[in-house]
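K.L.:
Quick one: this structure, given as structure tokens, is what I'll be asking you about.
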Amino acid sequence: MAQQVQAGGEAASSSASRGLEGLTQAAREAGGEQRRLPPVHLWNPPFCGDLDMRIGRDGTWFYNGTPIGRPALVRLFSTILRKDEDRYVLVTPLEKVGIKVEDAPFLAVELAQEKGENGRALKFRTNVDDWVEAGPDHPLRFEAGEAEGLKPYVHVRADLWALVKRALFYELVDVGEKRIIAGDEMFGVESNGVFFPMMRADQLEALS
């Protein structure tokens, strides 16, 4: 059970490593429930072990093998998510716990196109309702998957990325274009004045 936090900080909340209840309370105290991002990059608490929590390839969060069915709770946990050098962690000012991520911690589920100062802007909505605009600060990258072919990702924040849903990938292909990059004809997309190569132009037919 979560302990009550005293105003003077004399008593700490329940250890996040003790279960979902303590972690939820700690995330709320960190400010995530107000849909603002706590300064997790500034916190350096002790590591308290791994939690039986996993983010699946489709963006589903699991606790003890069971999907977390409350979107608000998933959103809350996402605000205290951080990528350290060797693992993904949920971190509070008091402690951090490791979790497993099968692919990327977020999933891009919606794509919007807008006209901006630098031309077309591609905006992605993640599965936790964050909007990210691809460009210099939020690049796109494309990696070759073993079974699913080319996989696109968009940068969300810090070292956290979102896997772009397959349906959205084909939307990117529809607005793509060919350009000569370093002497090679490449196919890719532009957003906010930045061209992101997907593949060599002669590989494009393999997608159809």
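K.L.:
Tally up the residues in region 82-94 that are over 15 Å from residue 28 (Cβ atoms) and in contact (Cβ under 8 Å) with a residue 40 or more places away in the chain, please.
P.N.:
Final tally of qualifying residues: 3.
K.L.:
Quick check on my filter: what residues within region 171-188 are touching a Pro at 6+ places or on another chain (Cβ under 9 Å) and buried (at least 18 other Cβ atoms within 10 Å of the Cβ)?
P.N.:
Once the filter is applied, which keeps residues that are touching a Pro at 6+ places or on another chain (Cβ under 9 Å) and buried (at least 18 other Cβ atoms within 10 Å of the Cβ), region 171-188 yields 172, 186, 187, 188.
K.L.:
Is it fair to say residue 121 is in a strand (DSSP E or B), touching a residue at least 60 places away in the same chain (Cβ under 8 Å) and assigned by TED's automatic domain parsing to the domain that holds residue 196? Break it down into steps so the answer makes sense when it comes.
P.N.:
Working: in a strand (DSSP E or B): yes; touching a residue at least 60 places away in the same chain (Cβ under 8 Å): yes; assigned by TED's automatic domain parsing to the domain that holds residue 196: yes.
So residue 121 passes the test.
K.L.:
Now for a different question. What's the total number of residues in region 63-91 that are touching a Lys or Arg at 6+ places or on another chain (Cβ under 8 Å) and of a type in the set (A, V, I, L, M)?
P.N.:
Count: 4.
K.L.:
Given the options 108, 104, name the one that is assigned to a loop (DSSP other than H, G, I, E, B) and within 17 Å of residue 151 (Cβ to Cβ).
P.N.:
None of the others qualify; the one that does is 104.
K.L.:
Further question on the same structure: Please state which one of 66, 60, 24 is modelled with pLDDT of 95 or more, among the hydroxyl-bearing types (Ser, Thr, Tyr) and surrounded by 15 or more Cβ atoms within 10 Å (Cβ to Cβ).
P.N.:
60
K.L.:
Give me a count of the residues in region 92-112 that are at pLDDT 95 or above and out of contact with any Ser or Thr (no Cβ under 8 Å at 6 or more places or on another chain).
P.N.:
Counting residues in region 92-112 that are at pLDDT 95 or above and out of contact with any Ser or Thr (no Cβ under 8 Å at 6 or more places or on another chain) gives 10.
K.L.:
In the list 200, 141, which residue meets the criterion of being outside the structural domain of residue 37 (by TED's automatic domain parsing), at pLDDT 95 or above, surrounded by fewer than 17 Cβ atoms within 10 Å (Cβ to Cβ) and touching a Phe, Trp or Tyr at 6+ places or on another chain (Cβ under 9 Å)?
P.N.:
Working: 200 fails: at pLDDT 95 or above.
Criteria check complete, one pass: 141.
K.L.:
For region 113-131, which residues satisfy the criterion of being out of contact with any Ser or Thr (no Cβ under 7 Å at 6 or more places or on another chain), crowded, with 18+ Cβ neighbours inside 10 Å and under 19 Å from residue 176 (Cβ atoms)? Reasoning before the result, please.
P.N.:
Quick first cut of region 113-131, residues out of contact with any Ser or Thr (no Cβ under 7 Å at 6 or more places or on another chain) only: 113-119, 123-127, 129-131.
Keeping just the survivors that are crowded, with 18+ Cβ neighbours inside 10 Å gives 123-124, 126-127, 130.
Once the filter is applied, which keeps residues that are out of contact with any Ser or Thr (no Cβ under 7 Å at 6 or more places or on another chain), crowded, with 18+ Cβ neighbours inside 10 Å and under 19 Å from residue 176 (Cβ atoms), region 113-131 yields 123, 124.
The values are calculated or read from the model by the stated rules, or taken from the named source; none is laboratory data. It should be emphasised that the depicted structure is a prediction, and the values quoted were computed from it without experimental measurement. With ideal geometry, Cβ positions are generated from the backbone for all residues, glycine too; neighbour counts draw on all protein chains shown.
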